[in-house]
Amino acid sequence: MGCRLIRHPLYSVVFTAFVFFVAMPVFYTVATALFSNEMLSGEAGLLNAGIMFLLLKSSAIAFGVALLSTVSGTILGFILYKTKIPLRGFFRIILLIPLFISPYILAVAWKDLFFFVFGQTEPIASAAGVIIVLTTVFTPLSMLITGSALSNINPQMEEAGLLIIPSGGVIRKITLPLIKPAVITSFVLVFIFSISEFSVPAFFGVEVLTTEIFTEFSAFYNHTLAVLQSVLLILVCILLLLAEKKYIADAPFISIGGRGTGRKFYLRNKHHALGTLWLWGWLLISIILPFTILFVQSLQNGTSHFIRAFHLLAPTFANSAVLAFSGALLVVFTGFVVASFSETEKRMSPIWLLLIIFAIPSTVFGISLIKFYNRPALDFIYSGYAIILIGYTGKFSFISAKLIGNAIRRIPASLDEAAALEGISRYRRTQKILIPLIAPSLFAAFIVSFIFCLGEMGTTIMVYPPGTEIMPIKIFTVTANASQALTSSLTLIVFSVTLLMITLFYFAAKPLFNRKTIVDD
């Protein structure tokens with residue numbers, strides 16, 4: 001049970017602000033579209049054959065990505081969290097890299113790879129290519145979710161099973177059923193991420209519902225059709241969440257640290273070679289090969305393209321970092337307040353609100369913010385950086401709240417109760433007990449939020465004010481007419497900057513974490 005925190009007025013302020021500034025634009029957009037006369041009629045109707053085809057195509061791509069990512073992530077999670085395979089601490093860190101960089105960067109890397117090997121890019125610039133790229137992006141997410149579930153299994157249950165049946169039977173009949181909520185959560189979240197993805201299909205020229213919405217809204221200024229299509233995508237994502245809400249609510253999602261109990265490991269030494277081969281193979285496919293080719297393509301004609309790319313991106317570094325830092329602070333603060341209330345009051349409605357906003361496709365969320373804030377009374381938000389920060393808060397607060405909530409849940413309630421009996425105020429208990437105990441999770445939530453904000457493009461490209469220079473937007477606009485070498489150089493620089501930030505945060509976080517927690521439990 002988590003550390004008890006009595007409801008504080010701060011929660012009411014934060015939750016009310018989230019509802020008005022983040023959730024209200026979505027509710028407003030959905031409501032105006034649902035009561036539109038054009039909802040089910042004409043070319044703008046939701047039953048239009050073209051729209052239905054794009055929805056089915058988007059769903060098929062998302063299903064393929066979710067299935068492949070969940071299977072691959074579960075295998076990786078099992079190897080890294082249920083075996084004593086060598087270098088598993090190294091692999092746990094290095095395999096997360098695709099999750100913390102923009103999918104757009106991996107799309108460029110894979111396109112370069114096909115051009116370098118086959119001399120053409122048509123095979124990868126397709127629906128199959130979108131599935132390949134997004135699978136490499138979201139498999140680490142599945143690995144984290146299932147790995148966290150595997151870490152939290154009571155080893156006594158598996159040890160009791162081993163007294164009766166072989167280890168293979170224990171895995172099938174005990175381990176896999178116990179992590180079923182995590183597997184389903186992984187599939188649902190990856191499906192939603194994939195059907196919401198904009199940058200990879202746009203780069204490959206694959207027409208899906210998100211690219212169609214962006215085109216109708218930004219190119220043809222057909223706002224009615226774009227909003228109606230957005231509502232359709234919102235309903236699909238929310239219905240999928242509601243259908244599996246029991247499993248999603250029970251899944252550990254992502255945890256920092258363990259439960260302090262032992263863990264049952266599988267695989268004999270003779271099987272370690274197979275597991276190691278799988279890990280190195282996945283590392284080669286998802287990171288080493290595409291980024292090596294990206295580097296080769298960037299520098300094949302000397303450093304001129306790389307230098308030009310650096311000069312193009314240099315003005316965006318400070319602005320992007322400040323926005324990402326500010327957004328991460330807002331995301332972690334919101335996640336902490338909501339998680340504290342949800343865990344102590346045992347009310348999941350705030351978490352579900354964050355999850356619903358999190359599940360809304362980025363381009364759709366951006367359209368909702370534009371439709372709501374584009375009015376004279378709210379121009380101070382619409383025309384400034386505030387609308388970008390609102391977008392960051394809406395997209396990533398759920399991840400922060402789940403990560404922090406998992407940490408709070410593991411704190412014995414007796415600690416807070418004993419302090420309360422001593423007459424220590426609620427503020428002091430939070431400051432001296434709760435925050436120090438969950439400091440690693442708070443810092444991890446900040447790191448994750450910062451990296452996600454730094455690479456966010458779907459919402460930002462819809463709402464950023466004119467004249468604003470942000471790294472992912474700069475790349476997307478420049479590469480539309482850039483050469484292959486310049487495109488590779490731009491993405492390589494962004495990848496390097498992101499990797500540098502991850503490395504700096506990792507070393508900054510080491511004093512907060514027990515090495516066993518981060519690298520090897």
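The values are calculated or read from the model by the stated rules, or taken from the named source; none is laboratory data. Predicted model only: the values in this text are computed from it and were never measured. In this analysis, Cβ positions are derived from the backbone assuming ideal geometry, glycine residues included, and neighbour counts consider all displayed protein chains.
(1) of a type in the set (A, V, I, L, M, F, W, C); (2) outside any helix (DSSP H, G or I); (3) surrounded by fewer than 18 Cβ atoms within 10 Å (Cβ to Cβ): which one isn't true of A128, the others all being true?
All conditions pass for A128, except number (2).
Have a look at F336, F365 and point out the one that is in a helix (DSSP H, G or I), among the aromatic types (F, W, Y) and over 30 Å from H223 (Cα atoms).
The conditions single out F336.
Got at least one residue in the stretch 394-412 being among the polar types (S, T, N, Q), free of Cβ contacts under 8 Å to residues at least 12 places away in the same chain and out of contact with any strand residue (DSSP E or B) (no Cβ under 7 Å at 6 or more places or on another chain)?
No.
Only one residue in I164, I105 is of a type outside the set (D, E) and modelled with pLDDT under 85, so which one is that?
I164
Take L225 and decide whether it is out of contact with any His (no Cβ under 6 Å at 6 or more places or on another chain), modelled with pLDDT of 75 or more and surrounded by 16 or more Cβ atoms within 10 Å (Cβ to Cβ).
Yes.
What number of residues within the stretch 272-315 satisfy the criterion of being surrounded by fewer than 20 Cβ atoms within 10 Å (Cβ to Cβ), within 20 Å of I101 (Cβ to Cβ) and polar (S, T, N, Q)?
1
Within the stretch 72-84, identify whether any single residue is crowded, with 17+ Cβ neighbours inside 10 Å and closer than 15 Å to E197 by Cα, and answer yes or no.
no
Mind checking whether some residue in the stretch 376-385 is closer than 22 Å to L434 by Cβ, in a helix (DSSP H, G or I) and modelled with pLDDT of 85 or more?
Within the stretch 376-385 (the criterion being closer than 22 Å to L434 by Cβ, in a helix (DSSP H, G or I) and modelled with pLDDT of 85 or more), the answer is no, since none of the residues qualifies.
Please indicate, with yes or no, whether at least one residue in the stretch 175-184 is touching a Lys or Arg at 6+ places or on another chain (Cβ under 9 Å) and either not in a helix (DSSP H, G or I) or not β-branched (V, I, T) (or both).
Yes, because at least one residue in the stretch 175-184 is touching a Lys or Arg at 6+ places or on another chain (Cβ under 9 Å) and either not in a helix (DSSP H, G or I) or not β-branched (V, I, T) (or both).
Would a scan of the stretch 163-183 turn up a residue that is out of contact with any Ser or Thr (no Cβ under 6 Å at 6 or more places or on another chain), under 26 Å from I287 (Cα atoms) and crowded, with 24+ Cβ neighbours inside 10 Å?
Looking for residues that are out of contact with any Ser or Thr (no Cβ under 6 Å at 6 or more places or on another chain), under 26 Å from I287 (Cα atoms) and crowded, with 24+ Cβ neighbours inside 10 Å, one finds none in the stretch 163-183, hence no.
Check A407, A444, A420, A401 and return the single one that is in a helix (DSSP H, G or I) and surrounded by fewer than 17 Cβ atoms within 10 Å (Cβ to Cβ).
Answer to the selection: A420.
Where residues in the stretch 270-319 are assigned to a loop (DSSP other than H, G, I, E, B) and of a type in the set (S, T, N, Q), which of them is nearest to F116 (Cα to Cα)?
If we take residues in the stretch 270-319 being assigned to a loop (DSSP other than H, G, I, E, B) and of a type in the set (S, T, N, Q), then Q300 is nearest to F116 (Cα to Cα).
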